[in-house]
Structures are given as structure tokens and as C-alpha cells.
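The structure appears below as C-alpha cells.
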Amino acid sequence: MGDRIRPVLRAGLVLAFLYFGLEKLFGLPGAVRLYDALGFGQWPRYITGSVETAGAIGLLTRWAPIACLALIATMIVGFTAKSLLVGPPVWHLIALAIGAAALLFLDRRARR
């Protein structure tokens with residue numbers, strides 16, 4: 001069953017992280033407002049967008065485990081910052097982190 005879920009999960013995560021990463025890199029109004037509300041300026045937006053975009057591409061390579069770990073760490077930092085400094089909603093950050101962790105687990109299990 002995991003072999004059927006993995007490609008769907010991977011595709012969904014790639015699309016989601018590409019969307020959110022490029023949204024930040026292109027400076028769409030919602031992303032700019034969010035980083036203004038965080039209060040650290042816009043530079044974290046570029047770092048987060050770069051990690052999300054590179055991580056999405058990395059999910060399609062043999063470096064997928066490292067990409068998963070980087071994306072999980074990014075979602076944890078994002079969840080913490082948004083929860084403490086801005087407030088809800090944060091459900092999508094939780095879902096993306098769980099999805100990346102599930103993919104990491106399924107990939108490792110498939111290699112055995």
C-alpha cells in the first residue's frame with residue numbers, strides 16, 4: 001500500500017512546497033504581509049522561499065531524505081514563528097510537516 005501512496009504524497013508535497021516557496025520568492029502580497037506581521041523584515045521570506053522551492057525539487061531526486069528533513073525543520077520554525085507572533089491559522093504548516101515526515105518514513109521503508 002505504501003508503494004501506491006508514496007508517488008501521490010510526493011507529487012502533492014512537491015506541488016504544495018513549490019507553490020508556497022514561489023509565492024514567497026515572487027513577493028506575492030499575502031507572503032509580504034505575513035513577513036511584515038512577523039516583524040523581522042523581508043529577508044526571512046527569501047530564505048524560506050528558497051528552502052521550500054529547493055526542497056520541492058529535492059523531493060524528486062535521490063536527495064529526497066535530506067529535502068524532507070529540511071522541509072520538516074522549515075515547517076517547525078514557521079509554525080513556531082507564526083503561532084507566537086501572528087496567530088492562527090497554522091494547520092497547513094502542520095499538515096506539510098506531517099506529510100514530509102510520512103514521505104521520509106515511507107521512502108526509508110521502501111529501501112529495505
Exercise for the section: Kindly list the residues of the range 57-80 that lie in the label zone of A110, defined by a backbone N under 17 Å from the point 7 Å along the Cα-to-C-beta vector. Expected result: 57-69
Completion exercise
Rounded to a whole %, the carbon-and-sulfur portion of the accessible area of the chain at a 1.4 Å probe is 72 percent
Problem - Helix-derived mean residue ellipticity, 222 nm - over the chain, DSSP H n ≥ 4, -39500 (n - 2.57), to 500 - result: -28500 deg cm²/dmol
Practice task
With only Lys, Arg, Asp and Glu charged, each at its Cβ (+1 for the first two, -1 for the last two), find how big the charge dipole of the chain is about the Cα centre; round to the nearest 20 debye.
Solution key: 440 debye
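The values are calculated or read from the model by the stated rules, or taken from the named source; none is laboratory data. Note that the structure is predicted; figures quoted are calculated from it, not measured. Virtual Cβ from ideal backbone geometry, glycine too; neighbours counted across all protein chains shown. Remember, those area values only see protein heavy atoms, side chains included, never the ligands or the DNA or RNA. Shrake-Rupley method; radii C 1.70, N 1.55, O 1.52, S 1.80 Å.
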